[in-house]
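Notes follow once the structure below has been shown.
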Amino acid sequence: MEPVNQTSQPEAVSMPRIGDKAPSFKAVTTQGEINFPDQYKGSWVILFSHPADFTPVCTSEFMTFASREKLFSDANCKLVGLSVDGLYSHIAWLRTIKEKIEYKGMKNVEVKFPLIEDITMEVAKKYGMIQPGESNTKAVRAVFFIDPKGIIRAIIYYPLSMGRNFDELYRVIIGLQTADAFPVALPADWQPGDDIIVPTAGSCGVAKQRMENKKEMKCYDWFFCTKKLGKQEIEKKIKKHK
Ligand code: BEZ
């Protein structure tokens, strides 16, 4: 029998999935040591990786994220960055951003959230951020949305060449919080204030609720009904952190 050619097999990597507990680690960051995710219990966290310090797409992303940090923090969401660069590179890059870069009206931008140094790639590998088909030496642009109990609730990956959409990252956080606070699902391109999807009647409770809500609902078919959920109603329930 022919021996199996193992050299062409991709290396088995761990890829955390939605619903998994966020893998834990201790790391050095630009804001001191962190114990992840334990020290973030009670907060939502976005853990995200970027390919390399001193690169243009990553610079545009950090300036955008740092400029919106207050928006995320008002939604009880903390930000934690990571790349496989060292601490002194991180510090020098963030200082350059603050002191020298003016981009799309953003200037003097101070990155106050922690940026993890991960020269050994230990954390990046744990989170499946090294994707050899894209790069063996740099993390892809991964985004992990982790809830206050330390559970991964959504994951988005982007390639090296494309900067993330920060409106979308914020929409995902607010969407996850909304779907936790109300018994609803959210349709394509949903934004707070848009109609939400009423869960399909699978239990007596949901069926009863659907009968009671019938007048408020718009049904496209028996399995597809929407109803209004006002922006203020959402804000009242989920934005307790201003
Ligand atoms: C960038 O951030 O500009 C970048 C980083 C790695 C590869 C390509 C682009």
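See the values below:
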quantity: Sequence of ILE174, ILE151 from largest to smallest accessible area, 1.4 Å probe; calculated: ILE151, ILE174
quantity: Tail beyond 24 Å, pair distance distribution of the chain (Cα, percent); calculated: 53 percent
quantity: Pairwise centroid distance, computed over Cα atoms, of the stretch 89-127 with the stretch 56-70, Å; calculated: 9 Å
quantity: Probe 1.4 Å, all protein chains present, accessible-area order of SER67, SER49, largest first; calculated: SER67, SER49
quantity: DSSP bridge pairs, the chain: antiparallel proportion in percent, nearest 5; calculated: 70 percent
quantity: Burial order of peptide ranges 104-117, 183-196 (average beta-carbon count within 10 Å, highest first); calculated: 104-117, 183-196
quantity: Pairwise FRET efficiency - ASP195 versus GLU102, Cβ, R0 = 45 Å, nearest 0.05; calculated: 0.65
quantity: Surface share of carbon and sulfur [accessible, 1.4 angstrom probe, percent] for the stretch 25-165; calculated: 52 percent
quantity: Structure-based [θ]222 nm, the chain - -39500 (n - 2.57) summed over DSSP H runs of at least 4, per residue, nearest 500; calculated: -8500 deg cm²/dmol
quantity: Accessible area (Å², 1.4 Å probe, nearest 10) - TYR103; calculated: 90 Å²
quantity: Cα-projected label distance for ILE91 with LYS41, points at 7 Å along beta-carbon direction, nm; calculated: 3.2 nm
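The values are calculated or read from the model by the stated rules, or taken from the named source; none is laboratory data. Quick caveat, the model's predicted, so the values are computed rather than measured. Positions of Cβ are backbone-derived with ideal geometry, glycine not excepted, and every protein chain shown enters the neighbour counts. Protein only, heavy atoms only, side chains kept; ligands, DNA and RNA dropped before computing areas. Shrake-Rupley method; radii C 1.70, N 1.55, O 1.52, S 1.80 Å.
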